[in-house]
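See below for the structure under consideration.
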Amino acid sequence: MEKLIKRAAKDLSGSKNVVALTGAGISIESGIPPFRGKGGIWEKIDPMEFAHIDAFMRDPAKVWNVLIKEMKNITDTAKPNDAHKALAQLEKHGILKTVITQNVDGLHQMAGNTDVIEFHGNFAWQRCMDCNRKIKNDQVDISQIPPKCECGGILRPDCVFFGEPIPTDHLMRSQQASAECDIMLVIGTSAVVQPAALMPVIAKESNATVIEINLEKTPLTDQISDYILLGKSGEVMNRIMAQMERFD
Ligand code: OAD
């Protein structure tokens with residue numbers, strides 16, 4: 001493992017165009033549960049019943065009461081962890097350009113990254129289904145469920161539900177960043193949800209080095225990734241950053 005940490009530190013030090021693709025695993029050390037696996041949100045609630053746009057349209061109050069309230073409580077209080085902070089440091093040092101995240105928690109921006117593509121939107125904001133106005137969570141009155149906009153329209157999270165397309169500009173920018181980077185760091189994603197999981201494939205096809213950080217192997221590991229650093233993303237990133245100081 002130490003050899004791989006050194007290799008990652010060296011690879012990153014030599015690049016000015018790193019892109020990070022992140023998933024729920026990077027936010028676990030901030031107290032946010034993952035979607036899949038043990039303790040995952042989809043273990044407790046059926047995504048087709050609570051996270052599909054058809055389910056929301058059928059019964060917004062039901063989805064608000066179960067999924068949105070739970071997610072809102074978690075994301076309202078979570079703080080960036082060492083992995084988020086390391087990515088912000090890499091940007092500050094002119095190494096990392098863009099973060100493509102599947103997370104809806106806003107923690108990358110909170111840590112200081114300025115170019116963050118939120119592939120699945122953001123749970124910190126609600127959007128009126130009638131007038132499209134965006135309202136920050138702390139301004140939303142949830143004494144009545146589903147909460148309503150001033151215009152009377154129902155509020156929904158400004159995120160992508162199952163059954164909805166990724167906003168075209170996010171998808172296009174992500175594809176471009178993936179095709180242009182020379183290293184892609186793939187952190188804490190099970191890499192099973194498309195089209196996000198295609199980004200490392202695009203990077204690889206464009207000759208980038210793909211480095212994974214995860215607790216376990218993913219479908220990318222043997223096919224796409226150059227190497228995987230097995231462990232918790234905060235701990236692994238701290239070890240890489242400590243090695244990088246020696247390359248300064
Ligand atoms: P998942 O919950 O599918 O996967 C989390 C990944 O993080 C797994 O591969 C874990 O092994 C890994 N992991 C867990 N703890 C970790 C840690 N401390 N450090 C590093 N890795 C760790 O989450 P995503 O891949 O983000 O979409 O899921 C993708 C999408 O599926 C989500 O954006 C969401 C979901 O359905 C929508 O809601 C549209």
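Just so you know, all these numbers are worked out from the coordinates, no wet-lab data involved. These numbers were taken from a predicted model, which means no experiment stands behind them. Don't worry about glycine lacking a Cβ; one is built from the backbone with ideal geometry, like all the others, and counts go over all protein chains shown.
Estimate the FRET efficiency between LYS16 and TRP42 by the formula 1/(1 + (r/R0)^6), using the beta-carbon distance for r and 51 Å for R0, to the nearest 0.05.
Calculated transfer efficiency: 0.85.
Rounded if a/c is under 1.5, else prolate if a/b beats b/c, else oblate: with a ≥ b ≥ c from the C-alpha gyration tensor eigenvalues square-rooted, which is segment 177-248?
oblate
Of the listed pairs LYS6/LYS38; LYS6/LYS232; LYS79/LYS232; LYS134/LYS217, which have alpha-carbon separations greater than 27 Å here?
Beyond 27 Å between Cα atoms: LYS6/LYS38; LYS134/LYS217.
Explain nothing, just compute: Karplus ³J(HN,Hα) = 6.51 cos²θ - 1.76 cosθ + 1.60, θ = phi - 60°, for every residue of segment 217-229 in order, whole Hz, x for Gly and Pro.
Working through the residues one at a time gives 5, 10, x, 7, 3, 8, 9, 10, 5, 6, 7, 10, 9 Hz.
Would you please name the trypsin sites (Lys or Arg not before Pro) within segment 1-101 that are DSSP coil residues with at most 12 other C-beta atoms within 10 Å of their C-beta?
Answer by residue number: LYS16, LYS38.
If contacts are Cα pairs under 8 angstrom and at least 6 residues apart, what is the relative contact order of the chain in percent?
Normalised by residue count, the contact order of the chain is 25 percent.
Enumerate the amide H contacts of ASP158 below 5 Å, restricted to partners 5 or more residues apart or on another chain; note that Pro and chain-start residues carry no placed amide H.
Residues meeting the criterion, in which the H sits 1.01 Å from N, are ASN122, TRP125, GLN126, ARG127.
Could you give the dipole magnitude of segment 99-211 about its Cα centre, charging the beta-carbon of Lys and Arg +1 and that of Asp and Glu -1, in debye to the nearest 20?
200
Which whole-number percent is the relative contact order of segment 57-194 (Cα, under 8 Å, 6+ apart)?
So the answer I get is 20 percent.
Using the membrane-span-like helix rule (whole DSSP H runs, Cα extent along the own axis of at least 30 Å, mean Kyte-Doolittle hydropathy at least 0.5), which helices of the chain qualify?
none
Is the shape of the chain rounded, prolate or oblate, going by the alpha carbon gyration tensor and its root eigenvalues a ≥ b ≥ c, with a/c under 1.5 for rounded and a/b larger than b/c for prolate?
Taking the square roots of the gyration eigenvalues as a ≥ b ≥ c, the chain is prolate.
Taking the Cα centre of segment 65-150 as the origin, how large is its charge dipole in debye, to the nearest 20, when only Lys and Arg (+1) and Asp and Glu (-1) carry charge on their Cβ atoms?
Roughly 80 debye for segment 65-150.
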